[in-house]
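Asker: Input: one structure, supplied below.
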Amino acid sequence: MIEFPNNFAWGAATSGPQSEGGFKKKHQNNFDYWYSIDPNAFYKGVGPDTASNFYNDYKDDLKLMREAGIKNLRTSIQWSRLIDDFEEATVNQDAVDFYNNVIDEMIKYGITPYINLHHFDMPIELQKKYGGFESKHVTDLFAKFADKCFELFGDRVHHWFTFNEPKVIIDGGYLYKFHYPLKVDGPLSVQVAYNINLASAKAIQKFHERFSEGENKIGIILNLTPVYPASGAEGDEAAAWFANLWDNNMFLDPAILGHYPKELVKILQDDGVLWDSTDEELEIIKNNTIDELGVNYYHPERVQAPQISPKSLQDWMPDIYFDNYEMPNRVMNVDKGWEIYPKTLYDIAINIRDNYGNIDWFVSENGMGVSRENRFIKDGIVQDDYRIKFIKDHLKELHKGIEEGSNCHGYFVWTGIDCWSWLNAYRNRYGLIRDDIHTQIKTIKKSGYWFRQLSDNNGFEE
Ligand code: BG6
């Protein structure tokens, strides 16, 4: 039996934009807008407007999730739903009622809410008017929105998160064109990354002004993977060293340690692309670090020395320092195109223990996306043994890290109920619960029944 520490938090993660649907939303976010102008950019032309209908189904959905052993639920409040006037942070009453009801209903079922404030969703008005997080003004508006959430829901929500995966916001929106605003601008991506860290710290500052220490916790959710070099060759090692700084430390260090890695600052400075910052802002970052860290992990990052000759620094992109590397014979989830490598979770656990003060952390997302899951339906239930194996293999590595002293307090699977994906709509399903998007009938999968046992027994038989 692999047993986890007492009070280990078993949960699932989702997000507002991927589950709620667009019902009664007054404002659009960047994805709602992008879909409205270019539906073909989305898998099979399916957008976020219906998602898994959580806005209307939340009562039944939460009940079902609890039946699948989900005792903690991480979701997000949509900025574009809650707020009416973004400058003043006035609210839409419908949205306040909705989020109040959701939180109350979670508590009714004994599901602890973990609430995130930004899951890739920028109100489109702020993107159009100010360039979203290209602008420092928007960092203040985000902090106002966050503070409004603390005021409205902080009596019942004790785990708050400022951002989900800031790295994906810059990769998608400013480097590789898979999220709106679809820009390719290396230097701008550096500034946006800095501004997001600043926005996070400003929100945490508001949090500290409102709550006394220990009462509630605030954190950030990062997609972490130690970067593994393709080989021991100097060029590959150097590529992995930079990629680690860029992909991990650029967010981890300010969030936990309150400052940026000196080496990264020097490289960006030498390249002439360092962010614009003030002493006052750096002080805010220094004084407003997180209490707990969420780690999203799906697949490892492997890199090699850049294969093409470096582009001129006028076209600065992080790619001048590293290329991705596809290791031969790696184990793949072919549907999603991601490598499966559970050992990374152990490496993450040890890295946090040794280099980040052994901060309180949890796995805030981990899961397996599989397409055409109706292939596996037998007697009305998806027989997703592959998902059970995936979760078990990752939990074993996590457990090893915990046994060796890493301070991990929970594991949240992505996801509870199959939900809409940014680029893949419903192609790859991750849920413990199937959503038949034609009938909106939701059914617990075999993995959901297994997860219930896992969460009730606080562990599993190997
Ligand atoms: C995470 C995101 O990076 O990966 C989720 O936080 C996302 O929002 C999940 O859905 C799975 O990725 P995808 O692209 O298959 O939806």
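Every residue, every condition in (1) crowded, with 22+ Cβ neighbours inside 10 Å; (2) in a loop (DSSP other than H, G, I, E, B); (3) touching a Phe, Trp or Tyr at 6+ places or on another chain (Cβ under 7 Å); (4) not polar (S, T, N, Q), yes or no:
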residue	(1), (2), (3), (4)
Pro328	no, yes, no, yes
Asn351	no, no, no, no
Asn358	no, yes, no, no
Asn374	no, no, no, no
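Asker: Pairs please, first residue from the range 321-334 and in contact (Cβ under 8 Å) with a residue 60 or more places away in the chain, second anywhere and part of a loop (DSSP other than H, G, I, E, B), Cβ atoms under 6 Å, 6+ apart in sequence or on different chains.
Answerer: Asp323/Pro306; Asp323/Gln307; Tyr325/Ala230
Asker: Now for a separate question. Here's a check for you: in the range 396-425, which residue that is under 19 Å from the mean Cα position of the chain (by Cα) and more than 16 Å from the ligand (Cβ to nearest atom) is farthest from Asp291 (Cα to Cα)? Walk me through how you get there before you give the answer.
Answerer: Taking the range 396-425 as the starting set, the residues that turn out to be under 19 Å from the mean Cα position of the chain (by Cα) are 398, 408-425.
Those still in the list that are more than 16 Å from the ligand (Cβ to nearest atom) too: 398, 408-410.
On the way: Leu398: 20, Cys408: 13, His409: 13, Gly410: 15 Å.
Going through the qualifying residues, I end up with Leu398.
Asker: If you don't mind, there's one more thing I want to ask. Return the total of residues in the range 328-360 being more than 16 Å from the ligand (Cβ to nearest atom) and over 13 Å from Ile391 (Cα atoms).
Answerer: Summing the residues that are more than 16 Å from the ligand (Cβ to nearest atom) and over 13 Å from Ile391 (Cα atoms) in the range 328-360 gives 18.
Asker: Hey, another quick one. Across the range 220-243, what is the number of residues that are touching a helix residue (DSSP H, G or I) at 6+ places or on another chain (Cβ under 8 Å) and within 16 Å of the ligand (Cβ to nearest atom)?
Answerer: 5
Asker: Tell me which residues, restricted to the range 123-175, are within 18 Å of the chain's Cα centre (by Cα) and either aromatic (Phe, Trp, Tyr) or within 21 Å of Glu209 (Cα to Cα) (or both).
Answerer: Hits for the range 123-175 are Phe133, Phe142, Ala146, His159, Trp160, Phe161, Thr162, Phe163, Tyr174.
Asker: So which residues in the range 37-74 are more than 23 Å from Tyr411 (Cβ to Cβ), β-branched (Val, Ile, Thr) and either surrounded by 14 or more Cβ atoms within 10 Å (Cβ to Cβ) or touching a Cys at 6+ places or on another chain (Cβ under 8 Å) (or both)?
Answerer: Passing the criteria: Val46, Thr50.
Asker: Please work out which residue is surrounded by the most Cβ atoms within 10 Å (Cβ to Cβ), limiting yourself to the range 81-121 and to residues that are within 16 Å of the ligand (Cβ to nearest atom) and closer than 19 Å to Ala199 by Cβ.
Answerer: Taking the range 81-121 first, the residues within 16 Å of the ligand (Cβ to nearest atom) are 114-121.
Now restrict to residues that are closer than 19 Å to Ala199 by Cβ: 115-121.
Numbers: Ile115: 24, Asn116: 24, Leu117: 27, His118: 29, His119: 26, Phe120: 22, Asp121: 25.
Out of the qualifying residues, it is His118.
Asker: Checking Val303 against (1) surrounded by 17 or more Cβ atoms within 10 Å (Cβ to Cβ); (2) within 16 Å of the ligand (Cβ to nearest atom), only one condition comes out false. Which one?
Answerer: With (1) surrounded by 17 or more Cβ atoms within 10 Å (Cβ to Cβ); (2) within 16 Å of the ligand (Cβ to nearest atom) applied to Val303, the lone miss is (2).
Asker: Go through (1) surrounded by 24 or more Cβ atoms within 10 Å (Cβ to Cβ); (2) within 16 Å of the ligand (Cβ to nearest atom); (3) not acidic (Asp, Glu) and name the single condition Phe178 misses.
Answerer: (1)
Asker: Note down all Cβ pairs under 9 Å where the first residue falls in the range 2-25 and is among the β-branched types (Val, Ile, Thr), the second is more than 16 Å from the ligand (Cβ to nearest atom), and they're at least six residues apart or on different chains.
Answerer: Partner pairs satisfying both residue conditions: Ile2/Lys392; Ile2/Leu395; Ile2/Lys396; Ile2/His399; Ile2/Gly459; Ile2/Phe460; Ile2/Glu461; Ile2/Glu462.
Asker: Go through (1) within 30 Å of Arg302 (Cβ to Cβ); (2) of a type outside the set (A, V, I, L, M, F, W, C); (3) touching a helix residue (DSSP H, G or I) at 6+ places or on another chain (Cβ under 8 Å) and name the single condition Lys206 misses.
Answerer: Failed condition: (1).
Asker: Report yes if Arg387 is part of a helix (DSSP H, G or I) and within 16 Å of the ligand (Cβ to nearest atom), otherwise no.
Answerer: Numbers: part of a helix (DSSP H, G or I): yes; within 16 Å of the ligand (Cβ to nearest atom): yes.
Yes; evaluated as a whole, the condition is true for this residue.
Asker: Follow-up. Return the residue satisfying two criteria in turn: it lies in the range 426-436 and is in contact (Cβ under 8 Å) with a residue 60 or more places away in the chain and away from the ligand (no atom under 13 Å from the Cβ), and of such residues it is nearest to Asn7 (Cα to Cα).
Answerer: It comes out as Leu432.
Asker: Across the range 395-445, what is the total count of residues that are surrounded by 19 or more Cβ atoms within 10 Å (Cβ to Cβ), of a type in the set (Ser, Thr, Tyr) and in a strand (DSSP E or B)?
Answerer: 2
Asker: So which of Leu257, Leu198 ends up being touching a Ser or Thr at 6+ places or on another chain (Cβ under 8 Å), in contact (Cβ under 8 Å) with a residue 24 or more places away in the chain and surrounded by fewer than 21 Cβ atoms within 10 Å (Cβ to Cβ)? I'd like the intermediate steps shown before the answer.
Answerer: Numbers: Leu198 fails: surrounded by fewer than 21 Cβ atoms within 10 Å (Cβ to Cβ).
One residue alone meets the criteria, Leu257.
Asker: Exactly one of (1) among the hydrophobic types (A, V, I, L, M, F, W, C); (2) modelled with pLDDT under 95; (3) surrounded by 14 or more Cβ atoms within 10 Å (Cβ to Cβ) is unmet by Phe362. Its number?
Answerer: (2)
Asker: So Asp279 fits all but one of (1) within 24 Å of the chain's Cα centre (by Cα); (2) surrounded by fewer than 18 Cβ atoms within 10 Å (Cβ to Cβ); (3) not small (Gly, Ala, Ser); what number is the exception?
Answerer: Result: Asp279 passes all but (1).
Asker: If the Cβ limit is 9 Å and pairs must be 6+ apart or interchain, which residue in the range 165-194 that is within 16 Å of Thr139 (Cα to Cα) pairs with which residue that is surrounded by 23 or more Cβ atoms within 10 Å (Cβ to Cβ) and of a type in the set (S, T, N, Q)?
Answerer: So the pair list comes out as Pro166/Asn197; Pro166/Ser200; Ile170/Ser189.
Asker: Any idea which of (1) away from the ligand (no atom under 16 Å from the Cβ); (2) of a type in the set (A, V, I, L, M, F, W, C); (3) modelled with pLDDT under 95 is the one Ala51 doesn't satisfy?
Answerer: (1)
The values are calculated or read from the model by the stated rules, or taken from the named source; none is laboratory data. Quantities reported herein were computed from a predicted structural model and do not represent experimental measurements. Methodologically, a virtual Cβ is constructed for each residue, glycine included, from the backbone with ideal geometry; neighbour enumeration extends over all protein chains shown.
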